[in-house]
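See structure below.
Here, each number is a calculation from the coordinates, and none is a lab measurement. Everything numeric in this text was worked out from a predicted model, so none of it was measured. Here the Cβ is made from the backbone with ideal geometry for all residues, glycine too, and neighbour counts use every protein chain on show.
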Protein chains: 8
Amino acid sequence: MSKQWIVYLSGEIHTDWRERIQSGAQAAGLDVSFVSPVTDHASSDDVGVNILGKEDDSFWHDHKGAGINAIRTQTLIKDADIVVVRFGDKYRQWNAAFDAGYAAALGKSIITLHDPALTHALKEVDRAANAVCESPEQVVEILEYVINKR
Amino acid sequence: MSKQWIVYLSGEIHTDWRERIQSGAQAAGLDVSFVSPVTDHASSDDVGVNILGKEDDSFWHDHKGAGINAIRTQTLIKDADIVVVRFGDKYRQWNAAFDAGYAAALGKSIITLHDPALTHALKEVDRAANAVCESPEQVVEILEYVINKR
Amino acid sequence: MSKQWIVYLSGEIHTDWRERIQSGAQAAGLDVSFVSPVTDHASSDDVGVNILGKEDDSFWHDHKGAGINAIRTQTLIKDADIVVVRFGDKYRQWNAAFDAGYAAALGKSIITLHDPALTHALKEVDRAANAVCESPEQVVEILEYVINKR
Amino acid sequence: MSKQWIVYLSGEIHTDWRERIQSGAQAAGLDVSFVSPVTDHASSDDVGVNILGKEDDSFWHDHKGAGINAIRTQTLIKDADIVVVRFGDKYRQWNAAFDAGYAAALGKSIITLHDPALTHALKEVDRAANAVCESPEQVVEILEYVINKR
Amino acid sequence: MSKQWIVYLSGEIHTDWRERIQSGAQAAGLDVSFVSPVTDHASSDDVGVNILGKEDDSFWHDHKGAGINAIRTQTLIKDADIVVVRFGDKYRQWNAAFDAGYAAALGKSIITLHDPALTHALKEVDRAANAVCESPEQVVEILEYVINKR
Amino acid sequence: MSKQWIVYLSGEIHTDWRERIQSGAQAAGLDVSFVSPVTDHASSDDVGVNILGKEDDSFWHDHKGAGINAIRTQTLIKDADIVVVRFGDKYRQWNAAFDAGYAAALGKSIITLHDPALTHALKEVDRAANAVCESPEQVVEILEYVINKR
Amino acid sequence: MSKQWIVYLSGEIHTDWRERIQSGAQAAGLDVSFVSPVTDHASSDDVGVNILGKEDDSFWHDHKGAGINAIRTQTLIKDADIVVVRFGDKYRQWNAAFDAGYAAALGKSIITLHDPALTHALKEVDRAANAVCESPEQVVEILEYVINKR
Amino acid sequence: MSKQWIVYLSGEIHTDWRERIQSGAQAAGLDVSFVSPVTDHASSDDVGVNILGKEDDSFWHDHKGAGINAIRTQTLIKDADIVVVRFGDKYRQWNAAFDAGYAAALGKSIITLHDPALTHALKEVDRAANAVCESPEQVVEILEYVINKR
């Protein structure tokens, strides 16, 4: 099977879950291209004004940045076979839930990754997922099964 | 113009914002069919087990309910011309952000409704919206303009 | 909410499950248009040759009939909001599973209806469903919740 | 013609039909990428609980596994140019019929492969197919004609 | 079943086949809206120059007319549930075959209507059809079965 | 033929071309629902800040208004069977050309309406149109032919 | 520009127009993958019965063959950027017109290639085309312009 | 990330903005395939009659050329991830606005590039864009962020 799978890693940017999935997949020899939003918080927040000029109003500051980030996120989600959505224990993370809804409407396969403590709050998102994981290692095991299992 | 507009009201279920939009639209004589998720919290949470049988594990309790609720929410969002997404100041409200992402991928017009305090956290959702409102009355004004203005 | 829901009732034609759902929905005052394949077994099997002329080979006998039946089934499934798929304890019922796959790819909400004894054999179909029921009355309860619950 | 064709081999996992098609295609020098569901029965049945944790209820055992398998099957069917669906003489094989319906709604070319004894029961599935074969060798001949014939 | 079916009648304009289908459907009490291209030959040929001004070159004469006719034919085919395509024994009738291809790519149900003498020449079109008829009365019987049969 | 046609009237707002088309269609007894953007220039320009609050920067003033107007224009173009795009002799009218491109990608039938002096500048837009008119009366004649001609 | 264009060559199989286009494109150094239906008349007509077994009735003989040919033609048309449709002076060539309609509904760019004597009969097909050519050399010139012109 | 991004550069052909974006992207080491309409004005205007024969009427002269140019522009916009639309200070540039509308309906990411003096006239186009730039260098910075930023 010669297909290169495209896996979009959406959500939390404050722990090393992306690295653990990527290194796990590499160790398993999986033919995967991992794609992500920009995960440098300050760069992501300020990209709009950094490139297109200052805004006094923070709403437009955010709006400009979100427009540029959406070029990346929406293009890459459209390209993806699988969207992994990670929810951590901090912040609102509405962008992660937004990505999940976006992916669901496009018919993408979704894997969620979060602590069981968030189960009730995430029930609609989890229902749209093919699998609900608690650890990055489980995500890697799923990828390994889906991609390489005979 | 004889079109009946379909407006889906997504999100927060603990304040009267839906009623204020609906009564405002009625007062303005707008030809709108408003649709919503089930807004009775307990019914919504327990519908799965109430109809399909008990679950010991709360994950499956939620899963069953979310499946039935999705029949309603996804069908009605697909039918809608406009999706209004309300974020309140309590709870995680990931289902609201999920609905917004779902609507965005389907090319629906989106109006968000929330306090300015949430602006930064909602920047990706707001960027996908045609308008960002702070009060239900602003939503009514937009509907009135969009539907009836010559 | 003024929407008339369209519910396609696919599958088994040898018990009264359709009647039980339809009369239950009527008793509950639901605004539903129920649609179905032709449920008269002989008519359905022979419609091709009855209208278009005899075939010596039973393969083409079936082929002609299946073509005409597909005009009805595929048009009505495309129109439907919800597809209920019933599996009984007799026959192969591959057409029911085919309808479920067809509906799934179109993004329709699916409700399956079958005895728990079939659970393992139907796991792929059930996974694509929003709800898995054992009785027609459960289907009615779901419709009532989805359509009329505030 | 430089196109690599993608052929999904759906259905029965208890005979060597996949191997016969693949070796036949290789012998004919066809540029085909064959893809399949996981064909190891136990792995496929238990993948959900093996990776995501035990379930007491066999329904959820199956549900978890079917979710992970669907990542693979639905992604690969979407990628495919042709879906070959094999029905054997054992088991219910509703997943095969589901795959056929799924492929049909996506507009994929379908080839069915089964004994003539199953013709009547498979008439709806066969009607959606471009060709109905009795042997893997016929499938290979079709692929050879479709891909390489001048 | 309250659905009004939309049936597009494409092709030959020199015999009374449309009238026979329409009166047959009316006699059978079918809820069908029949739609057609303009069937007045001269009006159809000259509509472009009649409305938009003369052309010296017959190519542009035809081009202008075909553009206006396509507004009608393509809109109504998109609206249709079923496209009936009639081939007579005169003229090239490439527009009928074009309509059939157009309908096939949109996933419409197709019924062809022609003399068996044309079978070999129409094999690709017939293969895309759900039914191949020789008389308008057979088309009516199919509509009656598809629309009203229990 | 019971279809009500939906015709979107895009472009210039400074002459009476919409009224002439609408009154012509009414005189001809056509079953058409005409839809349009808001044609009151000041209301359209200022709707964003009027409803959602002032902006110091004219870019955001325009941006807010354009977002609300897009709810109307994009929803109604999606609903339309035919999009008539009028170019006058003043202003840039890039929104009209944008609407034409939007409609073209959605597969809508397009009729352009402009003075021959604009022909060269509008060649790409006209090429995407089914008909190119110089007067509103020609548009009415086309609608009459398309909708009512036998 | 590194794109390899895919050009489907549909229609007449009795003259050397395909070879002239292909050699012209090669001489011009164009990066094109040309794809075609099977152009060996006898193979194409008999492929169904040759692989799948004899039929007494010529209708089913044709039907079987057309099913297999459609795997190739419909897959390759879906892949194509441009569909060139050639009409010669012999035979009905309804399959060519069918391909043109199929391509048009998929939004493909179409180039027709035929003698001016066929202009009136092909007006609907030509209207759906981006260009109408009389010689294979014109097709090559268009490809050269479209693909390589700066 | 191994994706090659496809960026379509639409609009003005009289300044060196394309070269500045392309050389900037090359300097930044971005993996981008830039595609464009034909930017040689005379070739573009006359391609129709040059290849397909003279026209006396300038309308058809333009029409023939626009048909051939549309093969290129619409195919490449469909392929693109991002469409950059440049408006200069001369000419009507309705084709640029048309491309923007076309891209918007296809869900492409759009970047506009123009002088602030055009802001009010371009407000509908800018509203559909993810970013509004004043210099080619800003476009390069966005591409660099979107494609290469970690």
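General remarks:
- For the range C:16-33, the Karplus equation 6.51 cos²θ - 1.76 cosθ + 1.60, evaluated at θ = phi - 60°, returns couplings of 8, 4, 4, 4, 5, 5, 5, 6, x, 5, 5, 4, 7, x, 7, 8, 10, 9 Hz by residue, with Gly and Pro reported as x.
- Peptide E:128-134 shows a mean partner chain C-beta count of 5 within 10 Å per residue C-beta.
- Our Cα-only numbers for the protein assembly as shown put the radius of gyration and Dmax at 29.2, 82 Å.
- For chain H, the longest principal axis of the Cα atoms and the long axis of helix H:41-52 meet at an angle of about 50 degrees.
- Within the range F:52-88: backbone nitrogen closer than 16 Å to the F:HIS14 label point (7 Å, Cα to C-beta): F:86-88
- Residue-averaged beta-carbon neighbours from other chains (10 angstrom radius) around E:55-65: 5
- Using a Gaussian network model of chain A in which every pair of alpha carbons under 10 angstrom is joined by a spring, one finds that among A:VAL32, A:VAL49, A:VAL132 the greatest mean-square fluctuation is at A:VAL49.
- Residue among A:ALA96, A:ALA25, A:PRO37 farthest towards the positive dipole end of chain A, charges placed on Cβ: A:ALA25
- Net charge dipole, chain H: roughly 540 debye, given to the nearest 20, about the Cα centre with Cβ charges of +1 for Lys and Arg and -1 for Asp and Glu.
- 3J(HN,Hα) along the range C:108-114, derived from phi through the Karplus expression 6.51 cos²θ - 1.76 cosθ + 1.60 where θ = phi - 60°, amounts to 6, 6, 10, 10, 9, 9, 6 Hz, with x in place of Gly and Pro.
- Once both labels are positioned 7 Å from their Cα atoms along Cα-to-Cβ, the gap between D:ASP79 and C:VAL49 label points is 4.4 nm.
- Rg/Rg_ref, the range G:2-97, where Rg_ref = 2.2 N^0.38 Å and atoms are Cα: 1.21
- Our summary of shape: the Cα atoms of the range C:86-150 have principal axis extents of 39, 26, 16 Å, ordered from largest down, in whole angstrom.
- Applying D = kT/(6 pi eta Rh) to the range D:34-90, where Rh is the Kirkwood radius over alpha-carbon pairs, T corresponds to 37 °C and eta to 0.692 mPa s, the Stokes-Einstein value obtained is 262 µm²/s.
- Under the convention that each Lys and Arg Cβ holds +1 and each Asp and Glu Cβ holds -1, the size of the dipole of the range C:74-143 around its Cα centre is about 300 debye.
- Cβ crowding within 10 Å ranks G:HIS120, D:HIS61 as G:HIS120, D:HIS61, fewest other Cβ atoms first.
- Counting neighbouring beta carbons within 10 Å and listing from fewest to most, the residues D:SER58, C:SER33 come out as D:SER58, C:SER33.
- Modelled spin-label separation between F:ASP115 and B:ASP40, with each label point placed 7 Å from Cα along the Cα-to-Cβ direction: 6.5 nm.
- Ascending count of other beta-carbon atoms within 10 Å, so fewest first, for E:THR119, F:THR15: F:THR15, E:THR119
- Highest-MSF residue in chain A out of A:ILE71, A:ILE82, A:ILE51 [GNM, Cα springs under 10 Å]: A:ILE51
- Which of F:ILE68, F:GLY53, F:VAL83, positive extreme of dipole for the range F:47-93 (C-beta unit charges): F:VAL83
- Positive-pole candidate from B:GLY107, B:CYS133, B:ALA117, dipole of the range B:89-143, charges at beta carbon: B:GLY107
- Alpha-carbon centroid distance for the pair the range C:47-92 / the range B:1-60, whole angstrom: 38 Å
- About the centre of its Cα atoms, the protein assembly as shown shows a dipole size close to 0 debye [charges on the beta carbon of Lys, Arg (+1) and Asp, Glu (-1) only; nearest 20 debye].
- Sequence ranges D:121-130, A:2-11, ranked by mean other-Cβ count within 10 angstrom, highest first: D:121-130, A:2-11
- For C:GLN4, the shell of other residues with beta-carbons less than 14 Å away shows a net charge of -2, using +1 for Lys and Arg and -1 for Asp and Glu.
- Residues considered: D:PHE98, D:PHE87, D:PHE59. Largest GNM mean-square fluctuation over chain D, using C-alpha springs under 10 Å, is found at D:PHE59.
- Shielding value for A:85-92 is 2, the average number of Cβ atoms from other chains within 10 Å of each residue's Cβ.
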